[in-house]
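See below for the structure under consideration.
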Amino acid sequence: MTTYDTTENTFPGLVELDALRLTVIVDNEVDNMSSVPKDLGLTTQMQSLFKDHRRLDKDRSTVIPPPASGDHTHAHTHATGDDKDDASKHGMATVNFNFSDVCCGAHGLSVLLTGVKDGKEHRVLFDTGPHSAIFLENAKRLEIEFEKIEVIVLSHWHIDHSGGMLAAVERCEHARRQQQLHQSASPVVLDLHPDRPDERGACLTKPSPPGSAAPLEPIEYVAWGKEASFPALESAGGQVSLNAKAHTICENYFGVSGTIPRKTTYETGIPNHVRWSDATKSWSSEEEIMDERYLVARVRGKGLVVLTGCSHAGVINVCQDVQRAFGPEKENGENKIFFVVGGFHLAGASMETRIQETVKDMKAINPAYMAPGHCSGWRAKSALENAMNGQVVSLGVGSDFCITQQQH
Ligand SMILES: [Zn+2]
Ligand SMILES: [Zn+2]
């Protein structure tokens, strides 16, 4: 049993960013239509595709515009050049929208963060989704500039967050080579918790008779896939940086926590989670996933933005730890939790019983906004929205939030 570092999380020197952009590369949900408060500066992927004529102006030459009245000369010409103007005068479409450019949802999480301070940017990738195919395809559709990603922060070793990591490292390395930055740019840093399991999974158990206090009897172990090894990540071009304690990265633009203290009475881990050991060739119960870490950034005039991968620690434990680490909210809003983003892990029969207490405590924390995504579940999302009307937004894949002091 690994002993986890229990040093309190602190983030001395975390800078106030002028702007923070969050680009959702992988999430469970696709939502390109729900309205979002202007404060969050959201552009959904479909909105940005509509505006992007490079992506729209394809194949429309096959469309035959209608003839102008009394003029049959255009009847069988194609909608190119001047004909396009004619087509739009007639209310015809002149460009195509390709739904194949829209990102797909998948069970997992990956968010690209771009912090800006005095015109200088730093980019960090938080998690990498469940597998390389979805991560790479969505990243391609979003035109992610991999050469600019400096650090990949893994929230915790679970394949729905780490499954795309090897591919992400390879793309970062490849993009650096293509941009001829290979000699000058540093390799992408992989900020990981040292307690890497060989593999994690779930244990299916026999239903126990009502009222029985007997331990649950396993009937089957379901493995989720091997985690990439440190040597494999390094040979793909990454520079492994193991961190069990809170620290800041990218010139103090972002803070990454150490162990998240488990304090609430009801956020007690997730039943049936198990860990495989190659050494002992055995599974062991692991309900708490203690290697999980959160990421935090602060934006001038707005407050703190918190990213939580799966909230195995409990989203209230995460938020309360952020509050403790930064201290009381100041009158100018400094130290206020502005936006909580990620998996709140409140889906599934055994977790849904925690929704009521979570909502009550979240109301006390009162972040300006929340984007409960990934494993949050629709029941928790609707309960939070009912209790805190207007403070919940969807974390649709392909969404691009741009948080700045200015109103949009
Ligand atoms: Zn997880
Ligand atoms: Zn997860």
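Between Ala349 and Trp378, the distance separating the two model label sites (each 7 Å from Cα on the Cα→Cβ line) works out to 1.9 nm.
Taking only the Cα atoms of the range 127-182, the radius of gyration and Dmax are 11.1, 33 Å. Note on Gln405 and Lys120: their simple-model spin labels are 1.8 nm apart, each label 7 Å out from Cα toward Cβ.
Coordinate range of the alpha-carbon atoms in the range 1-43 per principal axis, descending: 45, 32, 16 Å. Equivalent-ellipsoid semi-axes for the range 203-258 (Cα gyration tensor, √(5λ), whole Å, largest first): 41, 20, 8.
In terms of overall dimensions, the C-alpha atoms belonging to the range 200-328 reach 55, 43, 18 Å along their principal axes, ordered largest to smallest.
Listed by chain and number, the lysines whose alpha-carbon sits under 20 Å from that of Lys363, ignoring those within fewer than 8 places in the same chain, are Lys263, Lys302, Lys330, Lys336, Lys381.
For the range 156-216, the alpha-carbon coordinates run over 65, 19, 15 Å along the three principal axes, in decreasing order.
Among beta bridges from DSSP that stay inside the chain, the antiparallel ones total about 65%. Its residue count N fixes a reference of 2.2 N^0.38 Å for the range 252-408, and the Cα radius of gyration divided by that reference is 1.08. A simple spin-label model places the labels of Ser212 and Ala133 3.9 nm from each other, with each point 7 Å out along Cα-to-Cβ. In straight-distance terms, cross-link reach from Lys117 covers every one of the aspartates and glutamates whose alpha-carbon lies under 13 Å from its own, apart from those fewer than eight places away in the same chain; here that gives Glu16, Asp18, Glu251.
Take the Cβ atoms of Glu143 and Phe230, set R0 to 35 Å, and the FRET efficiency comes out at 0.70.
For the range 321-408, GluC sites (Glu not before Pro) are listed when DSSP marks them as loop and at most 13 other Cβ atoms sit within 10 Å of their Cβ; the list is Glu331.
Extension gain, Glu287 to Ser34: 0.36 nm times the residue separation minus the Cα-Cα distance gives 87.6 nm.
Compute the acute angle (0 to 90°) between the alpha-carbon long axis of helix 378-387 and the principal axis of greatest extent of the alpha-carbon atoms of the chain; round to the nearest 10°. So the inclination is approximately 90 degrees.
Computed from Cα atoms, the angle from the helix 355-365 axis to the main principal axis of the chain rounds to 80 degrees. Helix 315-326 and the long axis of the chain differ in direction by around 90°, with both axes built from C-alpha atoms. P(r) for the chain, from all Cα pairs and a bin width of 20 Å, is 25, 53, 18, 4, 0 %, short bins first. Ordering Arg177, Arg293, Arg21 by accessible surface, largest first, gives Arg177, Arg21, Arg293; the 1.4 Å probe counts only protein heavy atoms, with every chain in place.
The values are calculated or read from the model by the stated rules, or taken from the named source; none is laboratory data. Computed from a predicted model, the values in this text were never measured in an experiment. Don't worry about glycine lacking a Cβ; one is built from the backbone with ideal geometry, like all the others, and counts go over all protein chains shown. These accessible areas exclude ligands, DNA and RNA; they are computed on the full protein's heavy atoms, side chains included. Shrake-Rupley method; radii C 1.70, N 1.55, O 1.52, S 1.80 Å.
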